[in-house]
1. Between the helical axis of A:150-165 and the dominant principal axis of chain A, each derived from Cα atoms, what acute angle in degrees is found, rounded to the nearest 10?
2. Shape of the protein assembly as shown from its Cα gyration tensor (a ≥ b ≥ c, root eigenvalues): rounded if a/c is under 1.5, otherwise prolate when a/b > b/c, or oblate?
3. Applying the Karplus parametrisation 6.51 cos²θ - 1.76 cosθ + 1.60 with θ = phi - 60° to the phi angles of region D:169-186, what ³J(HN,Hα) value in whole Hz is obtained for each residue in order, glycine and proline being reported as x?
4. Taking D:A64 in one copy and the same position in all the others, each labelled 7 Å out along Cα→Cβ, what are the pairwise distances from the first, in nm, shortest first?
5. For the interface of A with B, what's the total buried accessible surface in square angstrom, probe 1.4 angstrom, rounded to the nearest hundred?
6. Return the distance in nm (one decimal) between the two label points of a simple spin-label model at D:S171 and B:Q262, each offset 7 Å from Cα along Cα→Cβ.
7. Can you give the local net charge around A:A99? Use residues other than it whose beta-carbon is closer than 10 angstrom to its beta-carbon, Lys and Arg +1, Asp and Glu -1.
8. I need the trypsin sites (Lys or Arg not before Pro) found in region B:263-319, filtered to DSSP loop residues with at most 14 other beta carbons within 10 Å of theirs.
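The values are calculated or read from the model by the stated rules, or taken from the named source; none is laboratory data. As the structure is a computational prediction, the values presented were derived from the model and not from experiment. Backbone-built Cβ (ideal geometry, glycine too); neighbour counts: all protein chains shown. The area values use the complete protein model at the heavy-atom level, side chains included, leaving out ligands, DNA and RNA. Shrake-Rupley method; radii C 1.70, N 1.55, O 1.52, S 1.80 Å.
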Number of protein chains: 4
Amino acid sequence: MTYSVAVSGASGYAGGEILRLLAGHPDIEIRTVTAHSNAGQPLIEHQPHLRSLAHLTLQDTTPAILAGHDIVFLALPHGQSGQYTDALGDTPLVIDAGADHRLTSQDAWDAFYGGAFHEPWSYGVPELLVDGTKQRSHLVGARRIAAPGCNASTVSLSLAPGVAAGVIDPSDIVAVLAVGPSGAGKSAKTNLLASEILGSANPYAVGGTHRHIPEIRQALAAASGAADDRIRISFTPVLVPMSRGILATVTAPIVEGTSDAQIRAAWQDAYGDETFVQLLPEGHFPRTADVLGANTALMGLAIDRAANRVTIVTAVDNLVKGTAGAAVQSMNIALGLPEGTALSTNGVAP
Amino acid sequence: MTYSVAVSGASGYAGGEILRLLAGHPDIEIRTVTAHSNAGQPLIEHQPHLRSLAHLTLQDTTPAILAGHDIVFLALPHGQSGQYTDALGDTPLVIDAGADHRLTSQDAWDAFYGGAFHEPWSYGVPELLVDGTKQRSHLVGARRIAAPGCNASTVSLSLAPGVAAGVIDPSDIVAVLAVGPSGAGKSAKTNLLASEILGSANPYAVGGTHRHIPEIRQALAAASGAADDRIRISFTPVLVPMSRGILATVTAPIVEGTSDAQIRAAWQDAYGDETFVQLLPEGHFPRTADVLGANTALMGLAIDRAANRVTIVTAVDNLVKGTAGAAVQSMNIALGLPEGTALSTNGVAP
Amino acid sequence: MTYSVAVSGASGYAGGEILRLLAGHPDIEIRTVTAHSNAGQPLIEHQPHLRSLAHLTLQDTTPAILAGHDIVFLALPHGQSGQYTDALGDTPLVIDAGADHRLTSQDAWDAFYGGAFHEPWSYGVPELLVDGTKQRSHLVGARRIAAPGCNASTVSLSLAPGVAAGVIDPSDIVAVLAVGPSGAGKSAKTNLLASEILGSANPYAVGGTHRHIPEIRQALAAASGAADDRIRISFTPVLVPMSRGILATVTAPIVEGTSDAQIRAAWQDAYGDETFVQLLPEGHFPRTADVLGANTALMGLAIDRAANRVTIVTAVDNLVKGTAGAAVQSMNIALGLPEGTALSTNGVAP
Amino acid sequence: MTYSVAVSGASGYAGGEILRLLAGHPDIEIRTVTAHSNAGQPLIEHQPHLRSLAHLTLQDTTPAILAGHDIVFLALPHGQSGQYTDALGDTPLVIDAGADHRLTSQDAWDAFYGGAFHEPWSYGVPELLVDGTKQRSHLVGARRIAAPGCNASTVSLSLAPGVAAGVIDPSDIVAVLAVGPSGAGKSAKTNLLASEILGSANPYAVGGTHRHIPEIRQALAAASGAADDRIRISFTPVLVPMSRGILATVTAPIVEGTSDAQIRAAWQDAYGDETFVQLLPEGHFPRTADVLGANTALMGLAIDRAANRVTIVTAVDNLVKGTAGAAVQSMNIALGLPEGTALSTNGVAP
């Protein structure tokens, strides 16, 4: 069976990446692509790399145009998904790449986003440990899926095995992420100009203000069974001059009395059978180039007894495993298709 | 008076940067430049950007050739300075850009470097707090100076005010640094090839193995009056695609009962009168581009009560404030010259 | 049927890209990977992005190890293929990514390469016009194929339609190429270090010395039916800070009396039906990001009457359409498989 | 004597670079900085690298505010200078970094710019050959100076010696330039976003439409004594991922009967005594990193007899020698100050 798909926000980076992946999916027909100010123009004017989709024209993003498909992807600025989701009641599967349906706590939403609160949907990170199982099980047959924040899922996947196994203490996490500017979207802002980013490392949202913080706390609370407020995280993203990629360096204190073997086993047990989340051998750490264009999260783990901390370094492509790949992988699970369809484990390097 | 200078390691990155700064110094005559395998070749073959030094030829790095100058700069791989320093006994001022004379603890040297241990020299970070004063006072009239490790001085300057004032706890520091590859030197290694670095973020020395760790612990112990072993640091450097620059994100726990005003005051008091170490206004954080080619360390401070941590983000040019600029600034102090001679506070941006 | 494959030079950039493409090919079993100094090590130590090939170990590059496969790819430094090709006489299909079997003229070989001259093989650029037909026809059933030089095929594809149609004059071609450093291979040379390439544009082989020049002249002579020595080209490559990609700006004089419509028609007629070589609409020009990881050559054409020149700007991924993709596409043709198997037209952007 | 200075457009890239250079000028007091939408804000909010100018506040760009200074720099979008120049009649020295006063031909202005035509001012490229002398002589005592277009002056300096000496034919010039995006200014456009530029080479203004073309034709006509319409140039700029820099590859046919020695002598004679325009030794070619932050144009020359063309490769920093450095150098000449005051020949590399 072939599923018909509409993708909104198709002229942006997340929308473009969803289309790039779906273009290689044998069970999908990309029928409709929509945008706002660019409606009426050929898709390829805005996504000149998507040669196989040169026949598509951007339409308006309206509920009427999005309705009537088997699957709708929403790749809109946060706060904009809600207006469409009501009108898509009959759509069998809706996947939101925005933030609107990620948080379960209205307080967290109000503190970090504001505006109307929307009901939480199934969280699109299949490998995430949740209450002793994997999030995958909650995605089977799901009709409404919230794709994750790219930084949030990277940090949550990095730590969930350790907090679930009780070998690290989630009350004093420190995460610093080197991130490419595509995560900030295709918006014409002076601080995102090439001249500002090239040859420079630029921090932003320093000091606990980044919107992905509550998403991490929620995920790690679910992984550990602890209350949300037991999870504390110092989170600093740094823009670096690569178009894509997240390299997260995440550390947490070692729980007293834990052996090195117990620590490594926590991650090995959690991810040993996974295709798209891989723990590298001891002493190895990943580079973002290794996952460029791939749906793979690569993870290296170091046990630093002098500092009494475990350090996890995780590389993902923010637009793939961080967003569009997570969305397509979740879609595959929801529909009962082979989970890796249209997704690559191999990166494009060098 | 004009001082005659010899610079060894003149075909490398640190040596080249020392020469770039000294070329603009009105009191310095660059008389001799030396190298190893490149001896006999014009300097400009290896430093094509140093147009004003096109008349210089690289000589052998031998004690005889280095002797007889007022000032000798050693920009050699670590472990190689020692063989020259004995023979330079009559040289009025020797400045080592290598690691050989930085550490006071032989145990630390043995654990992180190995090989012959050398006596510690005056540490070339003038603004660093040491036992209630500034390191500057120890550089006045100094005859032997150890320029700092670039990552080490960046982290030490970031935290010294807080540990000296007792507002942060140095026993659980986490530092993650985005660094440019020039810090690794001009050595032809596969992992430093442009194809490996472009478009990628590459961690290295993860888990407590980086050689700058004991240097940081030594500096912060001196700043705080605490014993060395009370300082614990999780330290992770990440290579990012910019030729120069360090952006250090450094966090430490807030000492209980400390007010926001007390925290900010610690840094403001320490650096308010400094030219080359500047605390940015609240809510502002620096970019490495802002200090490119400059001797300035720019610092932003956030107080994250939710994470119970202070976050300092500091930008330096690893080759200037991190190495060559620190060396020249220290030289100026040692000789009684105006401290900022030949050093710029303004970066080359964008 | 599944073909067994051996890839030599598997730890390098060209070999790695051949493997990345073959890993997604349904009719190929990658049985053997070989290297020189790295033999005995896991492939993934050298190609950490090829997660799906983590089970392979690098073997020695010897005729005995390469023999016995259905297909052998040689991704070796130029001058090294010859020693293997004799011993592979029984191998049904051998594809050389090196230069050894590209040139038909021993004089050209001697002038630009030197060393033993080898017989020319079928040239692996299917879309190239040759004597009124396409090179594709010469690849059907081929048993020995020479993959092209990346710069050479980019320039040849850019101009062949115009010289074949007689609308441009091939005696005064000027080509300037912005190229990524991966084309220079994974060799640890100082001038290829990230510190040397980042933030800089570096010309090389200026003034007519680049080895791809005779390959271009040969291809354009074949396209035009003219003698080789009627083709004259000023060729300058410039390394720029992107790991992959070639953006070739190629100009040639307009033949007197030719109309704009005739000029555009030459390219449109040549490539209008091609999948992997596409002429963009008037006024549009390609970016290398649009073909990253793709087997597509995108081409824009401008007619500059004031300068009396046609300007073609062509973007390719040097490792895909420039090398490995050309090799796999040619392999598909030789074997009678669908030509685009395992090759993407869509790039990975941004 | 100290000259008071006002800089308009001070929040942009050209304005910022003028300020960076003037901040190190011993004879200049930067009294006034102006902007449009950013008026009222501290300069350092927009130029965070200019630490020594932290005391300045951006004022409105009005004739009244600009008047009353010894020197006024205009760094405004083209077409905007004219409205101020009338009102600055009493200002001793006005230097326009925009295009408004560069062209002598109203036809050329109308064809490439349009809008009101303004009288030409002294062209701020001191080393340019003009009618058998250097442009420098026309700048002595000048009261109105037009700083050059960065690409234009780079190409003009590259070719002027050859056309003046009659060794190359200016009727078939081909120039392809790798340029950094800072030349396009600090305007928030989607195509200048870091995500679009990183890892990619992007051509623009292909086919003879770039506005610097008439400026080059005018300069080379003046250098050769030929009529403007005898100069024909194919000109293609390509954005590459470096914040600053121009690497121009410029070729022109060799005039028949010219010896290699005559060709090299043309450039050697023209630039042998110059500080800021340097011809490299035979076989050497420049990199843009070598002139980063410097006022130096470095030039390499190859004689390609097979292609019958001379190739000049020239590196400049577009914001220094291309714009702000040219302006300050011209100011120094106009005022009778040492020409190199506040200008560096040494680049910031790596």
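1. 40
2. Working: a/c = 1.35, a/b = 1.01, b/c = 1.33.
Rounded, because the longest to shortest axis ratio a/c is under 1.5.
3. 9, x, 8, 8, 6, 10, 10, 10, 10, 8, 10, x, x, 5, x, 8, x, 8
4. Spelled out, the distances from D:A64's label point are 5.5, 7.6, 9.4 nm.
5. Working: alone 13940 and 13920 Å², together 24610 Å².
The A and B chains share an interface burying roughly 3200 Å².
6. 8.4
7. -1
8. Working: sites: B:R264, B:R287, B:R305, B:R309; in loops: B:R287, B:R305.
The qualifying sites are B:R305.
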